[in-house]
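The values are calculated or read from the model by the stated rules, or taken from the named source; none is laboratory data. All figures in this text were calculated on a predicted structure; none of them were measured in a lab. Heads up, the Cβs are rebuilt from the backbone with ideal geometry, glycines too, and the neighbour counts pull from every protein chain shown.
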Amino acid sequence: MQSDAELVNAVLEGDQAFYTELIRRHQRSVLATAWQTLGDYHAAEDAAQEAFVAAYENLGGLRNPASFGAWVLKIARRQAMRVAKRRLAARPIEAAGDPPARENAAPLDEHLQPLLAALDGLPDHERVVVTLHYVEGYNVQTIAEMTGRPLGTVTKQLSRAVVRLQRMLTEIER
């Protein structure tokens, strides 16, 4: 299996077919990241698609091809915020005080919603390593290489994040 860095380099060398593999690898975590912001499955799908388009268009600016996963998650978060702002701007004035609709959130299992809410409460640096490890399935060494962080730092961030998540989920259950 090729690494993200190898796939990114192949795309940069002109073989766009390898970008499909990058999308396949990161689609779930990008969608989950967008859903955390939007709470609407269909809007999250749109934001995820826009994130992959933006990543493709800016791939040449990626300094470390091995960090594609973390980089595309940052782009997804920004795209989701843009979608949320567009949706807010498009709402009628009389509905401005109403909470955003979450009726389209059903495709995600209900038991995942507290976990996603807790994940959203993590600091960005912890959210990235948790998503890369537990959603994408990368090992700690690979995450360290992708993010440019020392191995011990990634291990410590994962440990702290798990403790925080356990604490937050315990409080949610109360």
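If the condition is being assigned to a helix (DSSP H, G or I), out of contact with any Asp or Glu (no Cβ under 8 Å at 6 or more places or on another chain) and small (Gly, Ala, Ser), then the range 113-170 contributes Ala117, Ala118, Ala144, Gly152, Ser159. Of the residues making up the range 132-141, those that are modelled with pLDDT of 80 or more, under 18 Å from Ser3 (Cβ atoms) and not hydrophobic (A, V, I, L, M, F, W, C) are His133, Asn139, Gln141.
Pairs are defined by a Cβ separation below 8 Å, a sequence spacing of at least 6 or placement on different chains, a first member in the range 70-96 that is under 27 Å from Gly148 (Cα atoms), and a second member that is surrounded by fewer than 10 Cβ atoms within 10 Å (Cβ to Cβ) and modelled with pLDDT of 90 or more; no pair meets this definition. For Arg127, the stated conditions hold: it is farther than 19 Å from Pro65 by Cβ and out of contact with any Cys (no Cβ under 8 Å at 6 or more places or on another chain).
In the condition set (1) within 24 Å of Gln27 (Cα to Cα); (2) out of contact with any helix residue (DSSP H, G or I) (no Cβ under 6 Å at 6 or more places or on another chain); (3) not polar (S, T, N, Q), Arg164 is compliant with all but (1).
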